[in-house]
Each structure stands twice: as structure tokens, then as C-alpha cells.
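This report refers to the structure that appears directly beneath it.
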Amino acid sequence: MAPTKRDILNILGADGRERTASDIADAIGASWPTVSMTLLRLFRSGLVTRRGRGGGFGGVFLYAITERGRRRLAYWRHLS
């Protein structure tokens, strides 16, 4: 099953820690490429931040939820 944006925001919003795409993929049992593409969409929408952890081109990124992402997550939770 493909992860939803909500699944990923739930993980990032749980404790506010930064996580890699691999960390998130492991947590929800999804493939790394699928999670990476979803994270890219969330980043472009301003719902998560992304910062490089080194390694140059193609290095590992750390993702964290933004305030806008927290508001979106609260909205989705309100609908449930």
C-alpha cells in the first residue's frame, strides 16, 4: 500500500524530530522511492522542510514538519 501524505505527516508530527526518507519508509512499511516522491511533493507544498545531511550530490536529506504541515494534519484529524 502506498503511503499517503497524511501517513508521512503523522510520523513527522509525532515528536517533531527530523527523519530521513528511509526512516519513514521503515516506519510505515513502504518503499523508499515511494516515500521519497511523496516527501518531495510535501516539500514543494510547504508542508515539510528538507535539509541536506552531507554527502554532496545525491546525499541524504532530513525532513521535518512545518507549521503549515501541522495545520494541515490538524485539519485532516478534525475531519476524521
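Numerical summary
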read-out: Crossing angle, helix 5-15 versus the chain [Cα axis fit, 0-90 degrees, rounded to tens]; value: 80
read-out: Within the accessible area of the chain (1.4 Å probe), percent carbon and sulfur; value: 53
read-out: Around Thr4: net Lys/Arg minus Asp/Glu count, Cβ-Cβ under 14 Å; value: +4
read-out: The chain: relative contact order in percent, alpha carbon pairs under 8 Å with at least 6 residues between; value: 34
read-out: Cut-off under 5 Å, modelled amide H: who pairs with Thr20 long-range; value: Tyr63
read-out: For Thr66, distant residues with modelled amide H under 5 Å away; value: Val48, Thr49
read-out: In Hz, Karplus ³J(HN,Hα) per residue of region 29-46 (6.51, -1.76, 1.60; θ = phi - 60°; x = Gly, Pro); value: x, 10, 6, 4, x, 5, 5, 4, 5, 5, 4, 4, 5, 5, 5, 5, 8, x
read-out: Surface per residue (accessible, 1.4 Å probe) for the chain, Å²; value: 63
read-out: Mean separation of Cα contacts under 8 Å (6+ apart) over length of region 1-44, as relative contact order %; value: 48
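The values are calculated or read from the model by the stated rules, or taken from the named source; none is laboratory data. This is a predicted model, so every value here is computed, not measured. Every residue, glycine among them, receives a Cβ derived from its backbone with ideal geometry; neighbour counts consider all protein chains shown. When the accessible area is computed, the model is the full protein with side chains, heavy atoms only, and any ligands, DNA or RNA have been set aside. Shrake-Rupley method; radii C 1.70, N 1.55, O 1.52, S 1.80 Å.
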